[in-house]
């Protein structure tokens, strides 16, 4: 599966995603692939605790270097 820029994606890769309902972007990590896309885990924004898992279409993510 490839991202919006045509880069090959794998489980564990870091990707930039738009956060639903917040008009912002964040970095998440691919946890698994589905037939139509992928599941991405990311930290909840703005003081929320924990992580959230979301479905993303491959054309809605961009592979980025892993944050340090």
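The values are calculated or read from the model by the stated rules, or taken from the named source; none is laboratory data. This structure is a prediction, so every number in the text was calculated from the model and none was measured. For neighbour counting, all protein chains shown are included, and Cβ atoms are generated from backbone atoms with ideal geometry for every residue, glycine included.
Return the only residue of 13, 3 being in contact (Cβ under 8 Å) with a residue 60 or more places away in the chain and under 12 Å from the mean Cα position of the chain (by Cα).
3 is the lone residue from the list that is in contact (Cβ under 8 Å) with a residue 60 or more places away in the chain and under 12 Å from the mean Cα position of the chain (by Cα).
Only residues that are surrounded by fewer than 13 Cβ atoms within 10 Å (Cβ to Cβ), at negative phi and touching a residue at least 12 places away in the same chain (Cβ under 8 Å): list them for the stretch 46-68, please.
Answer for the stretch 46-68, where residues must be surrounded by fewer than 13 Cβ atoms within 10 Å (Cβ to Cβ), at negative phi and touching a residue at least 12 places away in the same chain (Cβ under 8 Å): 53, 55, 57, 59, 65, 66, 67.
For the stretch 26-34, indicate whether the set of residues that are part of a loop (DSSP other than H, G, I, E, B), surrounded by fewer than 15 Cβ atoms within 10 Å (Cβ to Cβ), modelled with pLDDT under 95 and in contact with a strand residue (DSSP E or B) (Cβ under 8 Å, 6 or more places away or on another chain) is non-empty.
Checked the stretch 26-34: no residue is part of a loop (DSSP other than H, G, I, E, B), surrounded by fewer than 15 Cβ atoms within 10 Å (Cβ to Cβ), modelled with pLDDT under 95 and in contact with a strand residue (DSSP E or B) (Cβ under 8 Å, 6 or more places away or on another chain).
Every residue in the stretch 35-57 that is in contact with a strand residue (DSSP E or B) (Cβ under 7 Å, 6 or more places away or on another chain) and assigned to a loop (DSSP other than H, G, I, E, B), please.
Result: 37, 44, 45.
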